[in-house]
Every structure is written in C-alpha cells, then in structure tokens.
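Single-structure report; data block below.
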Amino acid sequence: MFMPSDAVQVRVTGSVGTIVLNRPDHGNALTRAMIRQLHDAFDDLYGERRVRAIVLAGSGEAFCRGLDLAEMQATRDLPEAESQWGVDASELSDLLIRMLEITKPTIAAAHGAIQGAGAALVAAADIAVAADDAVLQLPETR
C-alpha cells in the first residue's frame, strides 16, 4: 500500500489517478525510496476501481533527471555497495515491468529534462505527452 510522502504525491480526481514526482530541487531524481513508493502508488491506483487512467508527472523544471546519483555515490564505499546496486537495478526493473503490465492506460506528462531512468519511465507509459521544452537524454551512454 502506498504511504504518502513529500517526494511522491498521489491524488485521484474523478476517474484519473495522478502520481507526481515532487523533488524539484533535485530534478525529481529517483531515490531508492521513491522507486518503491512509485511501485506502490501504481499498484494502489491500479486497484482503485474508480480510476480509469493513471498520469505520471514531475513538479518543477524537470520531469525526472534519472536516478539520484548522489545517493548511490554516498554508499559506494560500503562493503555491500555492489550488491546494493544490483538490488537498485532490480527494483527499477520491477517498477518498469509493473507499469507495462497495468491494463489501465498510463500517461507520462513529460517536460524539461528527461534523463536516464526518467526516460525509462516515459518509455514504460502507454502514452507520452511531451511539452515543448522536453529534452530526452541518456547521458550514461557517453
């Protein structure tokens, strides 16, 4: 079940469920906790009978700048860092698979910077609507 948080906000208006990434001061970069919260939010909205479509949006100037690399770097010297990165990849993969499995339409309302894992969120949505200022980037491929 989704637990309300400042970083991932959920609301239902009529028949539309909306999930908002709300870390604008960090470009809505995904923390480990946010990935789990997103999974729970999609599950809850999928199970909500009155919700017929799910919109994913980002607050501030960016949709999502990918994973929170500062969080990952902060744990890089721990003995379990390598296994944690495997867990991180698995949890992100589980979220994306969940988005693809949901039979209700999912819509990514993308704007500003859309990088890395943010691009994956857009790709996993059934419909992507991009604002004029949207810039899709996969910087890790450099």
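Can you compute the charge dipole magnitude of segment 19-90 about its Cα centre, using +1 on each Lys and Arg Cβ and -1 on each Asp and Glu Cβ, nothing else charged? Give it in debye, rounded to the nearest 20. Write down the numbers at each step before the final one.
Values: 8 positive and 12 negative charges, 81 e Å.
That gives segment 19-90 a dipole magnitude of about 380 debye.
Arrange the peptides 34-40, 6-12 so that the one whose residues have, on average, the most other Cβ atoms within 10 Å appears first. Could you put the intermediate results ahead of the total?
On the way: 34-40: 20.9, 6-12: 15.9.
Top to bottom by mean Cβ count within 10 Å: 34-40, 6-12.
What does the charge dipole of the chain about its Cα centre add up to, to the nearest 20 debye, if the Cβ of each Lys and Arg holds +1 and the Cβ of each Asp and Glu holds -1?
In debye, rounded to 20, the chain gives about 500.
Test of the criteria: in segment 35-142, which GluC sites (Glu not before Pro) are in a DSSP loop and have at most 11 other Cβ atoms within 10 angstrom of their Cβ?
Values: sites: GLU48, GLU61, GLU71, GLU80, GLU82, GLU91, GLU101, GLU140; in loops: GLU48, GLU61, GLU80.
Passing sites in segment 35-142 are GLU80.
For the chain, with the dipole built from +1 on Lys and Arg beta-carbon atoms and -1 on Asp and Glu ones, taken about the Cα centre, which of ILE54, GLY66, ALA123 lies farthest toward the positive end?
Checking the options against the dipole of the chain, the answer is ILE54.
For ARG52 paired with VAL16, estimate the spin-label separation in nm (one decimal), with each label point 7 Å from Cα along the Cα-to-Cβ line.
1.2
Could you state the per residue volume, in Å³, of the convex hull enclosing the Cα atoms of segment 8-141?
Working: hull volume 13.3 nm³, N = 134.
Per-residue hull volume (Cα only) is 99 Å³.
Fully extended, how many nm does the chain gain between ARG76 and THR103 (0.36 nm per residue separation, minus their Cα-Cα distance)?
On the way: separation 27, 0.36 × 27 = 9.72 nm, distance 3.76 nm.
In short, 6.0 nm is gained.
Okay, helix-only estimate at 222 nm for the chain: each DSSP H run of n ≥ 4 adds -39500 (n - 2.57), divide by all residues, round to 500 deg cm²/dmol; what do you get?
Numbers: 4 runs with 51 residues, N = 142.
Helix-only estimate at 222 nm: -11500 deg cm²/dmol.
Readers should treat all values here as calculations from the given coordinates under stated rules, not as data from a laboratory. This is a predicted model, so every value here is computed, not measured. Please note: Cβ atoms are built from the backbone with ideal geometry, for glycine as well, and neighbour counts cover all protein chains shown.
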